[in-house]
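The values are calculated or read from the model by the stated rules, or taken from the named source; none is laboratory data. Source: prediction; values computed, not measured. Cβ placement follows ideal geometry from the backbone for every residue including glycine, while neighbour counts extend to all protein chains displayed. All accessible areas refer to the heavy atoms of the entire protein, side chains included, with ligands and DNA or RNA removed. Shrake-Rupley method; radii C 1.70, N 1.55, O 1.52, S 1.80 Å.
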Amino acid sequence: QVQLVESGGGLDHTGGSLRLSCVASGSFFRISAMGWFRQAPGKQRELVGSITSGGHTNYADIAKGRFTISIDNAKNTVYLQMNSLKPEDTAVYYCNVDFLKGATTATFRAWGQGTQVTVSS
């Protein structure tokens, strides 16, 4: 069982910054990647970006130039630094972790419960 706990969400104004954190814990052999998705009211969940344990990042267009994802492998923690926030960034942000249960097993994915980010105009 793998658990993810997100923190750092809240209310900010246009142009502000927030930093989200997500800690993975539980039983797994190795983390291969962690990432962030978001879901705004009435919309589908969409990718924000991801990062491998080796530090390779992949960003969706909504995040390029404003958001930065980083990982601390020793702490099993992924961060999402969000700058120049816009009202359209308002959403519930979910982190995910891709992990292996053993050295030769397939990759599994677990999700956090989400943290609300609200950006006022």
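Numerical summary
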| read-out | value |
| --- | --- |
| Linear extension gain, Lys64 paired with Leu11, 0.36 nm per residue minus alpha-carbon span | 16.9 nm |
| Amide H partners (placed H, <5 Å) of Val48, local residues excluded | Trp36, Phe37, Arg38 |
| Residues listed by number, segment 94-118, amide nitrogen under 15 Å from Ser27 label point at 7 Å toward C-beta | 100-103 |
| Label-to-label distance, nm, for residues given as Leu100 and Thr118 (7 Å Cα→Cβ offset) | 4.3 nm |
| ³J(HN,Hα), Karplus 6.51/-1.76/1.60, whole Hz, each residue of segment 62-75, x for Gly, Pro | 5, 9, 4, x, 10, 10, 10, 9, 9, 9, 10, 5, 5, 9 |
| For the chain, alpha-carbon Rg and Dmax in angstrom | 14.1, 49 |
| Residue list for segment 102-116, given a label point 7 angstrom along the Cα-to-Cβ vector of Gln3 and an amide N cut-off under 12 Å | 113 |
| Descending semi-axes in Å of segment 53-121, equivalent ellipsoid built from Cα gyration tensor | 27, 14, 10 |
| Per-residue SASA entry for Asp61, accessible area with 1.4 Å probe, Å² rounded to 10 | 120 Å² |
| Per residue value of the accessible surface for the chain (all protein chains in place, 1.4 Å probe), Å² | 52 Å² |
| Surface share of carbon and sulfur [accessible, 1.4 angstrom probe, percent] for the chain | 49 percent |
